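Asker: Sharing a structure, written as structure tokens. Questions coming.
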Amino acid sequence: YDVVDAWVTSLGYRGWISWLQGDTPAALRDSDEAIETAQRLKHAFSHALALSFSGWQHQFRGDVALVRERAATASAVSHEHGFEFWIGWNAVLLGWVTSETGDSRAGARQMRDGIKQWGATGSELGKTYFLGLLAECHLKTGDYDEGLAVVEEAFQFAATSGEGFWNAELHRIKGELLVRLQRDGAEVAVCFERALEVATKQGAVTLQARVAASQARHLKISATARDPA
């Protein structure tokens, strides 16, 4: 019932890796092929997996329309067949869509509820990513201290589970939250330096670029604060 096709799963993971390594075209090809393969096999659980992995893939890219489409379809398939794991997963993604389309507080509530529903299935795989999304949502709502608490929760989980693929983003998001809280510039710089160190060590080219963008914004803000004119 919850057995997945090995090729569909492999394509999903390979797509994520390709995106992290900076090869977006290859990532999208793998994502689309995973969905097409699952549809051809007429295997509902593999189809839900392929759509859900694709939702992550498009969230990585910030494509709100495609995240909405993939997450909504995956949610429909999962509700039809009772796949609670994927229902919670896609509730988080749809919460992110809500946040991005104007109601960040409602989005944060949806995301937290989705994380709770997803966690109730006993799964924790990918928890650092989901918590990172929620923490970033708090950047939009202005609940910066709450965002920091979520980041620390994610770091604690990473430390106990060994899940480290999203650690660079967690350090970067923490730095962004500290900037909003107007914390010491040295503390902020350490977060971004750690983020860059982790991303570089992992070969996560795309995440390196995100850190560089955050560093540039921080330097611009610092320069403006020193010389308002």
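Condition check ((1) in contact with a His (Cβ under 7 Å, 6 or more places away or on another chain); (2) open to solvent by less than 40 Å² (accessible area, probe 1.4 Å)) across all residues:
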site	(1), (2)
K127	no, no
G142	no, yes
V150	yes, yes
G164	no, yes
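Asker: Continuing with this model, one more query. Can you run down the residue pairs with Cβ atoms below 6 Å, 6 or more apart or on separate chains, where the first is in the range 79-97 and touching a residue at least 60 places away in the same chain (Cβ under 8 Å) and the partner is open to solvent by 10 Å² or more (accessible area, probe 1.4 Å) and not aliphatic (A, V, I, L, M)?
Answerer: F85/T121; F85/S123
Asker: I would also like to ask the following. So which pairs qualify, if the first residue must be in the range 2-30 and without any contact (Cβ under 8 Å) to a residue 40 or more places away in the chain, the second must be not in a helix (DSSP H, G or I), the Cβ gap must be under 6 Å, and the two must be at least 6 apart or on different chains?
Answerer: Short answer, once both residue conditions are applied: none.
The values are calculated or read from the model by the stated rules, or taken from the named source; none is laboratory data. As the structure is a prediction and not an experimental result, all values here were calculated from the model. Methodologically, a virtual Cβ is constructed for each residue, glycine included, from the backbone with ideal geometry; neighbour enumeration extends over all protein chains shown. Areas reflect the complete protein model, heavy atoms only, side chains present, ligands, DNA and RNA absent. Shrake-Rupley method; radii C 1.70, N 1.55, O 1.52, S 1.80 Å.
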